[in-house]
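Here the structure comes first, spelled out in structure tokens, and everything after it is commentary.
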Amino acid sequence: MKKRFFGVLMSLVLIVGMFTGCAGSGSKSAADQLDQQGVADIPVNNDQKTPAGAAAEGTNSADLSERVDLVFYVMGDAPKDEELVEATLNEKLIEKCNATVDMQFSTWTEFQQKYANEITSQGADLIYIANWLNYGLLASQGAFVELDDMLNTVAPELKAMVGENMLNMCKVDGKTYAVPNTWAEYVSNGLKYREDLRVKYNLPVPDSLENLEAYLAGIKANDPSQGLLTVTTEESQGFKTAFDAAWVLNFKYPWVNANGLDYGLTANYDTPSDVYDYWFSTDFEDDMKMLKRWADQGFWSKSALSDTNNSDAYKNGLCVAEVAGQNPNKQITAIADFTNAGEGWQSAYIAYGEKHNVIYPGHATQNGTAIVRGCKNPERALLVLQALLCDDEINSIMQYGIKGVHYTVENGIYKNLQEEKGETVTFPYEGFNTWNLRNGATKLPQATDVELQKMFDKYAEIGAKTKFPNVNIYDGFSENYESYSAERSAVSNVMRQYLAPLEAGLVDDVDAAIAEFRTKVKEAGLDKCREEYKKQWLDYCNEYNYK
Amino acid sequence: MKNKPQAAPTAIKKSAGTKVFNGISYVLLAFGAIVCVLPFIIIVSGSFTDNVTILKQGYSLFPRDFTLEAYRTIFRSPKDIIQAYKMNVYYTVVGTSIGLTMIALTGYVISRQEFKYRNTVSFLIYFTSIFGGGMIPWYLMYANVLNLKGHTLAIWFPALMSPFLVILMRTFIVGAVPNAITESAKIDGAGHFTIFFRIVLPVLKAGLATVGLFLALGYWNDWYRSSMFSTNSSTWQLQFYLYDLLNATTAMKQMASNVSMKTADLPTESVKLAMAVVATGPVLLFYPFVQRFFVSGITVGAVKG
């Protein structure tokens with residue numbers, strides 16, 4: 001019996017041995033691969049010596065003799081024709097840089113976690129970066145390859161096109177880790193409202209707090225059954241506001257960013273390094289009283305604090321204005337929705353900054369591309385990135401698909417062929433979700449973009465007259481809250497519990513509620529958060545000379 | 001227990017107690033059933049309701065403004081959903097059959113008293129249910145060490161065995177096959193394979209059905225591994241296909257506050273509900289057939305485990 005058992009055990013040992021043997025040979029083969037690369041390097045060097053002028057396409061030192069397969073990680077879902085477009089794209093890329101790109105998509109499920117995984121596992125070579133994906137923090141932790149030297153040696157064309165100014169905005173601790181897109185985009189928050197109702201009831205244009213109040217009250221007086229605002233807490237999850245209605249206060253203040261800075265601190269756009277207190281000011285008290293007055297007039301639901309955001313409310317006529325998280329692009333969508341609905345509704349848009357002439361385009365780190373540390377061929381990756389952004393033909397395949405199959409250009413405007421024929425769209429506009437590869441000079445406008453561009457032109461004009469002409473000074477800042485994360489989450493809880501009802505005007509005694517909020521938020525450790533945050537913000541202002 | 005014979009005359013009282021107990025449990029169970037069934041009825045009713053009506057008036061138990069529009073939308077281009085269905089069936093069948101085999105064999109081995117290290121092995125299996133490496137090491141293991149990212153293996157392989165199911169299976173085997181029987185079989189010259197296939201397996205139906213159902217439901221309802229490891233939407237699990245559809249809608253709406261992007265063509269409320277019905281349908285049909293084993297399996301597990 002025992003002998004048999006040992007027999008089994010021995011055979012097990014043998015099997016295990018076989019597996020480990022396999023693993024051993026596996027690692028050997030990896031080493032072999034390295035050797036092969038080493039071997040391959042030698043003829044490459046020879047190649048370089050002989051036709052030194054051959055690689056004259058702005059690529060002085062890069063050797064292209066060996067094909068490199070890169071993985072490009074982007075956000076969102078893949079288009080249906082991913083493989084077809086990739087194949088076409090790679091044909092061109094092999095020609096130009098002897099490299100291929102395999103697009104990989106995060107999908108929208110748990111994308112934050114997966115994005116972090118992707119960087120930890122170093123599975124990708126090129127990766128989409130954005131400030132909302134914590135670019136600054138990741139870069140300072142060493143997630144990406146430094147590009148400063150390589151931009152000079154490998155991709156001078158790219159560097160010239162993007163420009164020193166934009167690249168500087170992507171600097172973290174003095175080093176460039178990302179290449180931004182070059183399309184100036186205005187995401188100026190503002191107010192979207194029903195212009196047709198305003199005309200119908202002869203109400204003022206809601207371009208200030210007083211006029212907005214008159215507009216809403218006027219509609220209520222004329223049509224009591226009409227819903228006015230569907231505000232919730234969903235667009236106010238950060239450390240600036242706790243309830244969406246508070247966004248209207250941007251009409252009152254020329255703050256550095258919509259809703260000011262975090263933790264109830266704020267600064268004006270013209271003096272960003274002059275940080276002052278908002279939550280403990282008399283302005284705050286006045287504002288909360290105003291919001292209470294609005295709530296009492298029934299501008300929003302009594303259950304607004306627990307409602308979930310119904311983003312189709314405006315589209316379906318359930319509200320007459322939207323105040324939080326709006327931008328020019330959403331206005332364009334609303335125009336299209338109203339046209340489709342065919343009820344003669346009209347949507348108009350006012351950016352909050354128009355009132356105080358504080359308008360600026362999106363920050364460079366809003367849409368950019370970085371090379372993940374651990375990438376085996378960073379130079380080739382940068383070369384590919386240069387081709388993707390600067391080469392017109394490659395860029396348009398990447399952004400719009402195959403001309404004649406997916407799209408065509410009419411009068412300089414992009415037109416989706418499949419949508420036209422009523423077929424399933426297999427590659428939509430910017431189908432790879434590569435907002436980071438928008439080339440401002442060559443980006444094809446969609447039919448709806450004509451209207452958008454008009455808005456942008458207006459904003460660009462206002463933006464040019466500001467103290468920092470067309471520079472977004474806020475969004476390059478990234479907070480590092482490691483040392484006070486406990487206090488920070490305590491403050492977040494207090495904001496949700498005490499600030500949200502205040503801003504929603506759902507308290508009986510505003511003064512008492514303000515006093516309670518102030519004590520609670522102090523107890524939660526507000527001072528520590530503020531102190532650290534302010535220090536970091538001032539350092540940031542200092543670094544970029546935003547005085 | 002000692003008082004039992006004497007307590008016999010009080011049987012009437014007891015039955016009154018039993019009645020009360022039964023009454024209470026029926027009420028509780030009915031309440032539980034309503035809590036479980038109501039949301040599903042609302043989903044089904046919502047899937048037959050016009051989208052604008054849902055937005056304006058909210059959900060209801062019976063469809064108002066009855067329409068099949070949502071289902072028409074789904075089946076207008078049914079390719080994706082059919083592909084997701086196919087993959088889900090594939091993962092469920094492959095995962096459940098391989099997993100069941102491995103679990104049954106493991107359960108048999110650690111149920112044998114003559115296996116000297118069975119306590120050590122049981123402990124090692126049990127240990128993993130208390131201490132895990134965490135999500136990131138788990139991800140790195142499959143993505144970087146085993147290089148399974150983008151491979152369908154990564155979707156069914158990680159869930160083949162779980163400590164709970166192995167221990168459950170062992171309990172079933174110990175309960176179903178007394179040691180004396182295997183011992184006598186051994187005296188008659190049977191080896192482990194003969195014992196396992198000719199003696200243990202035939203009486204293990206309830207155990208196989210229970211563990212099989214656990215595995216199959218786990219595979220059918222999983223979305224996480226697709227989310228982590230799929231690089232191609234044609235390998236997606238059904239639940240992930242649906243879940244991602246929802247997430248895409250919310251994420252894109254949120255994103256649109258920061259970035260210029262298209263938000264049109266997102267599914268409406270009623271389409272989402274219809275998708276949920278389409279996805280859960282087969283499980284509902286399949287469930288009654290195994291349920292009989294499932295219930296007996298649970299009770300056996302409860303008494304012996």
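Give the residue that is nearest to the other protein chains (Cβ to nearest Cβ), with candidates limited to residues of segment A:91-103 that are surrounded by fewer than 21 Cβ atoms within 10 Å (Cβ to Cβ) and not in a loop (DSSP other than H, G, I, E, B).
Pass one, segment A:91-103, residues surrounded by fewer than 21 Cβ atoms within 10 Å (Cβ to Cβ): A:91-92, A:94-96, A:98, A:100, A:102.
After this cut, where a residue has to be not in a loop (DSSP other than H, G, I, E, B) as well, the list is A:91-92, A:94-96, A:100, A:102.
Working: A:GLU91: 20, A:LYS92: 22, A:ILE94: 21, A:GLU95: 25, A:LYS96: 25, A:THR100: 15, A:ASP102: 8 Å.
Ranking the candidates gives A:ASP102 first.
Only one of (1) under 28 Å from B:TYR224 (Cβ atoms); (2) within 14 Å of chain A (Cβ to nearest Cβ); (3) of a type in the set (A, V, I, L, M) is not met by B:MET87, so which one is it?
(2)
Return the only residue of B:SER233, B:SER184, B:SER227 being without any contact (Cβ under 8 Å) to a residue 24 or more places away in the chain, under 20 Å from B:ASN88 (Cα atoms) and not aliphatic (A, V, I, L, M).
Working: B:SER233 fails: without any contact (Cβ under 8 Å) to a residue 24 or more places away in the chain; B:SER184 fails: under 20 Å from B:ASN88 (Cα atoms).
Answer to the check: B:SER227.
Filter segment A:389-442 for residues that are more than 20 Å from the chain's Cα centre (by Cα), in a helix (DSSP H, G or I), within 16 Å of A:LEU84 (Cβ to Cβ) and not β-branched (Val, Ile, Thr) and give the result.
Just the residues of segment A:389-442 that are more than 20 Å from the chain's Cα centre (by Cα), to begin with: A:390-397, A:400-427, A:441-442.
Those left that are additionally in a helix (DSSP H, G or I): A:390, A:392-397, A:400, A:417-421.
Add one more test, that the residue is within 16 Å of A:LEU84 (Cβ to Cβ), and what stays is A:394, A:396-397, A:400, A:417-418.
Selection gives A:SER396, A:TYR400, A:LEU417, A:GLN418.
Every residue in segment A:171-208 that is outside any loop (DSSP other than H, G, I, E, B) and more than 30 Å from A:VAL145 (Cα to Cα), please. Walk me through how you get there before you give the answer.
Restricting attention to segment A:171-208, the residues satisfying the condition of being outside any loop (DSSP other than H, G, I, E, B) are A:171-172, A:175-176, A:178-180, A:190-200.
Hits for segment A:171-208 are A:GLY190, A:LEU191, A:LYS192, A:TYR193, A:ARG194, A:GLU195, A:ASP196, A:LEU197, A:ARG198, A:VAL199, A:LYS200.
Which residue pairs have Cβ atoms closer than 6 Å, lie 6 or more positions apart in sequence or on different chains, and pair a first residue in segment A:184-195 that is under 17 Å from A:GLY218 (Cβ atoms) with a second residue that is part of a loop (DSSP other than H, G, I, E, B) and modelled with pLDDT of 90 or more?
Within 6 Å, the pairs are A:LEU191/A:VAL323; A:TYR193/A:PRO206; A:ARG194/A:VAL320; A:GLU195/A:GLN346.
With the condition being over 30 Å from A:SER188 (Cα atoms), I'd like the helices (runs of 4 or more DSSP H) fully within segment A:460-547 carrying at least 2 qualifying residues. Show your work before the answer.
Numbers: elements: A:485-494, A:500-503, A:510-523, A:526-544.
Fully inside segment A:460-547 and qualifying: A:485-494, A:510-523, A:526-544.
State the number of residues belonging to segment A:111-153 that are within 14 Å of A:THR369 (Cα to Cα), within 20 Å of the chain's Cα centre (by Cα) and not in a loop (DSSP other than H, G, I, E, B).
Number of matching residues: 14.
Hey, among A:THR88, A:THR153, which residue is in contact (Cβ under 8 Å) with a residue 60 or more places away in the chain, away from chain B (no Cβ under 12 Å) and surrounded by fewer than 16 Cβ atoms within 10 Å (Cβ to Cβ)?
Numbers: A:THR88 fails: surrounded by fewer than 16 Cβ atoms within 10 Å (Cβ to Cβ).
Answer to the selection: A:THR153.
Evaluate segment B:32-46: report whether one residue or more is more than 19 Å from B:GLY218 (Cβ to Cβ), away from chain A (no Cβ under 14 Å) and touching an Asp or Glu at 6+ places or on another chain (Cβ under 9 Å).
yes
Are any residues in segment A:214-240 among the β-branched types (Val, Ile, Thr) and either free of Cβ contacts under 8 Å to residues at least 24 places away in the same chain or under 19 Å from A:TYR193 (Cβ atoms) (or both), and if so, which ones?
Matches in segment A:214-240: A:ILE219, A:THR230, A:VAL231, A:THR232.
Answer yes or no: is there a residue in segment B:168-189 that is acidic (Asp, Glu) and either part of a helix (DSSP H, G or I) or surrounded by fewer than 19 Cβ atoms within 10 Å (Cβ to Cβ) (or both).
Residues of segment B:168-189 acidic (Asp, Glu): B:183, B:188.
Remaining after also requiring either part of a helix (DSSP H, G or I) or surrounded by fewer than 19 Cβ atoms within 10 Å (Cβ to Cβ) (or both): B:183, B:188.
Looking for residues that are acidic (Asp, Glu) and either part of a helix (DSSP H, G or I) or surrounded by fewer than 19 Cβ atoms within 10 Å (Cβ to Cβ) (or both), one finds at least one in segment B:168-189, hence yes.
Given the options A:ASN395, A:ASN416, A:ASN411, name the one that is closer than 26 Å to A:LEU133 by Cα and either surrounded by fewer than 24 Cβ atoms within 10 Å (Cβ to Cβ) or modelled with pLDDT of 90 or more (or both). Quick ask: steps written out before the conclusion?
Working: A:ASN416 fails: closer than 26 Å to A:LEU133 by Cα; A:ASN411 fails: closer than 26 Å to A:LEU133 by Cα.
Of A:ASN395, A:ASN416, A:ASN411, the one residue that is closer than 26 Å to A:LEU133 by Cα and either surrounded by fewer than 24 Cβ atoms within 10 Å (Cβ to Cβ) or modelled with pLDDT of 90 or more (or both) is A:ASN395.
The values are calculated or read from the model by the stated rules, or taken from the named source; none is laboratory data. From a predicted model like this one, the values you see are computed outputs, not experimental measurements. Because the Cβ atoms are built from the backbone with ideal geometry, glycine has one as well, and the counts that use them run over all protein chains shown.
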